[in-house]
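Asks: Structure provided below as structure tokens; questions to follow.
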Amino acid sequence: MLNLNQQLRMETNRTIWHRGAHPSRVLQGRRPCAPTFAAGIAFVLLLFCALPASATTWTVTSQPTRLVNGAPVLFQVKPTTKLESLTGTWLGHKLTFSFDPSSKTWFALAGVSFETAPGSYTLELSGGRTASNSPLTFSRKFAVAAAIYPKIKVQLAVEKKFTEPSPEQLEQIEEAKKVKQEYLGRVTAEREWRGNFAAPVDAATSDVFGSQRIFNGVAQREHQGLDYRVPTGTPVTALNDGTVLLARFLYYEGNCVVIDHGQGLLTLFFHLSEFKVKEGDVVKRGQEIGLSGGTGRVTGPHLHVAVRWQGTYLDPARLFQLRLP
Ligand SMILES: [Zn+2]
């Protein structure tokens with residue numbers, strides 16, 4: 001695949017050849033003749049044909065334009081030629097783009113994991129054309145900056161069964177772990193989400209994504225979701241269209257609903273007091289999926305919402321800010 005510099009170099013090369021700037025020097029000592037010149041042209045043509053099909057400049061943008069660790073991102077691609085399909089790779093993840101006919105733009109929702117170090121990362125694209133044509137490729141680098149997440153340590157007190165579980169409780173934890181491993185790794189091919197993601201409750205948040213927490217003096221990993229301070233029994237709604245992947249009790253998560261929005265994008269709701277959906281149900285954005293509560297590892301009733309994309313947790317608040325097709 002050619003990068004832009006190589007393309008420019010080739011353009012330059014071609015210009016020089018066509019200009020025929022120094023034919024006398026090139027052909028010094030030889031009598032310029034038609035067959036040599038024709039062979040030269042043929043060679044250049046062959047060179048162009050033999051090279052893998054590389055796209056001329058495509059317009060590739062990200063929303064938001066400034067990428068940070070922990071953030072979801074919408075990639076939008078406007079190719080110069082008609083494509084049948086578009087796939088990509090980004091930070092080791094596979095992307096499947098959808099076509100928006102109204103803007104003639106391909107789009108895919110992706111993310112930057114919390115652990116991603118600041119730096120420059122390449123989005124590799126491959127556009128499928130009709131069976132007889134080789135795919136068109138294009139790449140663009142995106143800078144990832146470090147997000148500022150709260151450093152304030154939260155001193156929380158939870159029941160001992162969560163910090164010092166008994167052998168029996170460890171068994172339940174192990175069981176829940178197996179369920180999560182089995183379900184949360186699933187990637188369904190079809191995209192089910194459409195348009196913006198909406199908040200699950202109309203309430204203030206009590207803890208943000210990425211904050212460091214301490215339970216009974218033991219430092220835990222960064223907060224992987226968003227907490228809403230809502231009393232038990234508050235209706236909780238789906239953030240977008242999808243299919244209910246999980247609706248069951250898990251040791252730490254309590255009554256937990258997981259919605260699969262397709263292409264590896266899941267939304268998770270913890271500590272519910274009641275389920276309003278069952279596994280396999282198809283849900284729409286804004287549909288009630290359960291009632292908030294204080295089940296599982298909590299210090300008090302609240303709703304924990306998480307966004308998981310292909311195995312990595314992303315900031316739900318940043319997802320709500322995206323304007324999506
Ligand atoms: Zn939480």
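Asks: Would you grab the residues whose amide H sits under 5 Å from the one on Gly111? Only those 5+ places off in sequence or on another chain, please, with H modelled 1.01 Å from N.
Replies: Amide H neighbours of Gly111: Val73.
Asks: If each residue's Cβ is checked for other Cβ atoms within 10 Å, how do Trp106, Trp309 rank with the fewest at the top?
Replies: So the ranking, lowest neighbour count to highest, is Trp309, Trp106.
Asks: What whole number of Å gives the distance from the Cα centroid of the stretch 235-286 to the Cα centroid of the stretch 218-232?
Replies: A separation of 17 Å, based on Cα centres.
Asks: Given +1 on the Cβ of Lys and Arg, -1 on the Cβ of Asp and Glu, and no further charges, what dipole in debye does the stretch 135-205 carry about its Cα centre, rounded to the nearest 20?
Replies: Values: 12 positive and 10 negative charges, 123 e Å.
Using Cβ point charges on Lys, Arg, Asp and Glu, the stretch 135-205 gives about 600 debye.
Asks: ³J(HN,Hα) across the stretch 206-214 via Karplus (A = 6.51, B = -1.76, C = 1.60, θ = phi - 60°), whole Hz, x for Gly/Pro?
Replies: Calculated HN-Hα couplings, in order: 10, 8, 9, 5, x, 7, 8, 10, 10 Hz.
Asks: For a protection proxy built on the mean count of beta-carbon atoms within 10 angstrom, sort 260-266, 239-245, 190-196, 163-169 highest first, please. Provide the component values of the computation, followed by the final result.
Replies: Values: 260-266: 23.9, 239-245: 21.1, 190-196: 15.1, 163-169: 11.1.
Descending mean neighbour count gives 260-266, 239-245, 190-196, 163-169.
Asks: If you don't mind, there's one more thing I want to ask. Around Thr205, with a cut-off of 10 angstrom between Cβ atoms, what is the net charge of the other residues, counting Lys and Arg +1 and Asp and Glu -1?
Replies: With Lys, Arg at +1 and Asp, Glu at -1, the net is -1.
Asks: Out of residues 5 or more away from Leu246 or on other chains, whose amide H comes under 5 Å of its own, with H placed 1.01 Å from N in the peptide plane?
Replies: Val258
Asks: How compact and how long is the stretch 87-168, expressed as Rg and Dmax of its alpha-carbon atoms in Å?
Replies: Computed over the Cα atoms of the stretch 87-168, radius of gyration and Dmax are 21.2, 64 Å.
Asks: In what order do Leu319, Leu83, Leu324 fall by count of nearby beta-carbon atoms within 10 Å, going from fewest to most?
Replies: Fewest to most other Cβ atoms nearby, the residues stand as Leu324, Leu83, Leu319.
Asks: Rounded to the nearest 0.05, what FRET efficiency do Leu324 and Glu164 have when you use their Cβ-Cβ distance and R0 = 41 Å? Don't skip to the answer; put the middle values down first.
Replies: Numbers: r = 43 Å, r/R0 = 1.06.
Approximately 0.40, to the nearest 0.05.
Asks: Please rank Asp315, Asp207, fewest neighbouring Cβ atoms within 10 Å first, as an exposure proxy.
Replies: Numbers: Asp315 27, Asp207 19.
Ordered from fewest to most neighbouring Cβ atoms within 10 Å, Asp315, Asp207 come out as Asp207, Asp315.
Asks: Starting from the Cα of Lys104, draw a straight line to each of the lysines and keep only those under 21 Å, dropping any in the same chain fewer than 8 residues away.
Replies: Straight-distance partners of Lys104: Lys78, Lys82.
Asks: For the stretch 133-251, just the Cα set please: Rg and Dmax, both in angstrom.
Replies: When restricted to Cα atoms, the stretch 133-251 yields Rg and Dmax of 19.4, 63 Å.
Asks: Next question, about the same structure. Which ³J(HN,Hα) values in Hz, rounded to whole numbers, follow from the phi angles of the stretch 160-170 under the Karplus curve 6.51 cos²θ - 1.76 cosθ + 1.60, where θ = phi - 60° and Gly and Pro get x?
Replies: Computed from phi, the couplings for the stretch 160-170 are 4, 4, 9, 9, 10, x, 6, x, 5, 5, 4 Hz.
Taken together, the values in this text are just the output of simple stated rules run on the coordinates, not laboratory data. Here the structure is a predicted model, which is why all the values come from computation and not from measurement. Glycine also receives a Cβ, built like all others from the backbone with ideal geometry; neighbour counts cover every protein chain displayed.
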